[in-house]
1. Hey, got the dipole for the chain? About the Cα centre, +1 on K and R Cβ, -1 on D and E Cβ, debye to the nearest 20?
2. Using protein chains only and a probe of 1.4 angstrom, how many square angstrom of Val248 are accessible, to the nearest 10?
3. Find the all-direction average of the projected area of the Cα convex hull for region 195-353, expressing the result in square nanometres with one decimal place.
4. In whole Hz, what ³J(HN,Hα) sequence does region 221-226 give by Karplus (6.51, -1.76, 1.60; θ = phi - 60°), x for Gly and Pro?
5. Towards the positive end of the charge dipole of the chain, with charges on Cβ (+1 Lys, Arg; -1 Asp, Glu), say which of Gly290, Asn260, Ala178 has the farthest Cα.
6. Pop the C-beta distance of Lys61 and Ala115 into the FRET formula with R0 = 25 Å and round what comes out to the nearest 0.05.
7. Calculate for the chain the 222 nm mean residue ellipticity that helices alone would give, adding -39,500 (n - 2.57) per DSSP H run of length 4 or more and normalising by residue count, nearest 500 deg cm²/dmol.
8. Which lysines, on any chain, are close to Lys307 with Cα under 17 Å apart, when same-chain ones fewer than 8 places away are left out?
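The values are calculated or read from the model by the stated rules, or taken from the named source; none is laboratory data. Just so we're clear, the structure is a prediction, and the values are computed from it rather than from any experiment. We place every Cβ from the backbone using ideal geometry, glycine too, and count neighbours over all the protein chains shown. Heads up: the accessible areas ignore ligands, DNA and RNA and are worked out on the full protein's heavy atoms, side chains in. Shrake-Rupley method; radii C 1.70, N 1.55, O 1.52, S 1.80 Å.
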Amino acid sequence: MAIISDDDNIKFDKQKNEDTTAEETSFDMSFESNIRPKLFNEYIGQSALKATLKISIEAAKKRELPLDHILFYGPPGLGKTTLATVIATEMNSNIKITSAPSLERPRDIIGLLMALKAGDVLFIDEIHRLNKISEEILYPAMEDFYLDMTTGKGQTLKSIRIPIPKFTLIGATTKAGALSGPLRDRFGIIHRLEFYTDEELKQVIQRTSKILEIKIDENGAIAIARRSRGTPRIANRLVKRVRDYAIVKSNGIIDEKTANKALDVLQIDKYGLDNTDRSLLKIIAENYNGGPVGIETLATALGEDSKTIEDVYEPYLVQRGFLQRTPRGRKLTPLACKCFNISNIDLQQSLFE
Ligand code: ADE
């Protein structure tokens, strides 16, 4: 399987991987493709989704037709791109990886579609950011595998249909709600990726450690898993940071004690929250009496972009039961007060209202 992602129109923006930090070394980055699972039997977690995909893939192979178009949605870092590459490998297909912001002009998407070969998988990340014109070019391509083009001018203007090979589009988004209805309706398979359990993350960490030759025991892997906020991308990042700590401050082996000390130094608490998460909760508690507070107000107070808060920070805080999204704004939960020792009486009362 060839992964084609670096020609002119097809830019997969690595920087969009919110959890990839600047300090991550190019040496580490060169291992990224090694630690990515290539087949379903290497891919840990998302078991319900894997089960349905396996059936769809087998059926498509038996029918000798491409797989239905697939939409993956859910918080960042849960493996949408990885899953798309696994699907292409399992289908014995090539995959082209791009992201909607790099498909600015009509010719970007047209060029991409015309270069496809029968059975190819086209992966579009952040598909909710596709502009209207590109979206409309996609509709007939997805539905009937042709492009609607016009030639000539004025009197001689005519519309032509150009057939393109049958392909599978895999779209990924952190915001399913931001996708237009007509685009959403053209996907035959729509699936949400779930946060991983600690046990699944432990397995991801053990697998990654083995590939990267990091020495880690089971309790060390569990300690990192617990603070990885249900996200394999974060787990894989933390295991490398903890390895660095273990090499410098200990004997290079990650056990529970070393893992916990390293994560304390990284200021990641026992719930997996970092400084920004904690500041967000603290601002709601102290400045807004527990909320509700509007997302834009919160973003200004925190000095973060509201989209980053919505896409990166909030999903896990909501999933852990620390934050509530209400029509009037964001609100702390009683659980957040309990876990973070927020004891202000007014606040406690307002939260139960
Ligand atoms: N690395 C990142 N995501 C993974 C997954 N779901 N399974 C195995 N390794 C991974």
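1. Working: 50 positive and 49 negative charges, 89 e Å.
Value, rounded to 20: 420 debye.
2. 120
3. Quarter of the Cα hull surface area: 9.6 nm².
4. 5, 5, 4, 5, 4, 4
5. The one lying farthest along the dipole's positive direction is Ala178.
6. On the way: r = 24 Å, r/R0 = 0.95.
So the FRET efficiency works out to roughly 0.60.
7. -13500 deg cm²/dmol
8. Lys16, Lys175
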